[in-house]
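Structure first, then comments.
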Amino acid sequence: MVGGSGYRSYEHQESVIARNVAEYEAKGMSATAAKKETLKTVNPAGSSEHQSGLAMDFVTPSENAAGSDVTQAFAKTNQGKWLKQNSWKYGWILRYPKNGKSSTYIDYESWHFRYVGKANAKYMHQHNLTLEQYVAKLPK
């Protein structure tokens with residue numbers, strides 16, 4: 001697998017949002033609807049994990065060679081399956097899992113992983129927790 005997108009500046013994040021909004025508008029959505037749809041999978045500049053340097057979007061080598069952007073199809077690839085099953089061993093978590101929207105408020109993203117450290121990732125994996133659910137369990 002290949003790192004498709006790691007650190008992003010504020011300006012880069014704004015351009016990602018603008019690109020996604022434009023794609024939805026090109027499909028006939030109003031500007032308001034396109035922005036709402038975009039924000040289901042892209043955080044606004046200033047609140048993106050990519051700006052922290054702790055997040056990574058992955059693609060397969062063939063997707064990367066073709067210039068492809070991230071897609072849900074990553075989950076069905078050998079690389080996507082391996083990463084979902086093993087990333088926690090190296091301190092990474094699938095940041096936005098299928099069952100996590102009620103706590104993350106972000107739609108499922110099979111390609112988006114976040115570094116949280118080995119001990120945290122292990123606990124989250126063993127207890128099937130999103131980052132938000134894990135943080136809520138930490139002592140105040």
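The values are calculated or read from the model by the stated rules, or taken from the named source; none is laboratory data. The structure displayed is predicted, hence computed values, not measured ones. Positions of Cβ are generated from backbone atoms using ideal geometry, with glycine treated the same way; all protein chains shown enter the neighbour counts. Remember, those area values only see protein heavy atoms, side chains included, never the ligands or the DNA or RNA. Shrake-Rupley method; radii C 1.70, N 1.55, O 1.52, S 1.80 Å.
Worth pointing out:
- Pairing residues of the stretch 101-120 that are basic (Lys, Arg) with residues that are part of a loop (DSSP other than H, G, I, E, B), at Cβ distances under 8 Å and at least 6 apart in sequence or on separate chains, gives LYS101/ASP107; LYS101/TYR108; ARG114/LEU54; LYS118/GLY91.
- Applying a threshold of 6 Å to beta carbon distances and a minimum spacing of six or more residues, or different chains, the list of pairs starting in the stretch 66-93 at a residue that is over 20 Å from GLY117 (Cβ atoms) and at pLDDT below 85 and ending at one that is among the hydroxyl-bearing types (Ser, Thr, Tyr) and outside any helix (DSSP H, G or I) reads GLN72/SER110; PHE74/SER110.
- Failed item in (1) open to solvent by 80 Å² or more (accessible area, probe 1.4 Å); (2) modelled with pLDDT of 90 or more; (3) touching a Ser or Thr at 6+ places or on another chain (Cβ under 9 Å), with LYS27 passing the rest: (3)
- Residue that is surrounded by the fewest Cβ atoms within 10 Å (Cβ to Cβ), among those in the stretch 30-48 that are closer than 20 Å to TYR96 by Cβ and among the polar types (S, T, N, Q): SER47
- Any hit, the stretch 118-132, residues being at pLDDT below 90, closer than 30 Å to TYR10 by Cβ and open to solvent by less than 20 Å² (accessible area, probe 1.4 Å): no
- Scan the stretch 1-59 for residues that are part of a loop (DSSP other than H, G, I, E, B), in contact with an Asp or Glu (Cβ under 7 Å, 6 or more places away or on another chain) and closer than 20 Å to ALA73 by Cβ and the total you get is 2.
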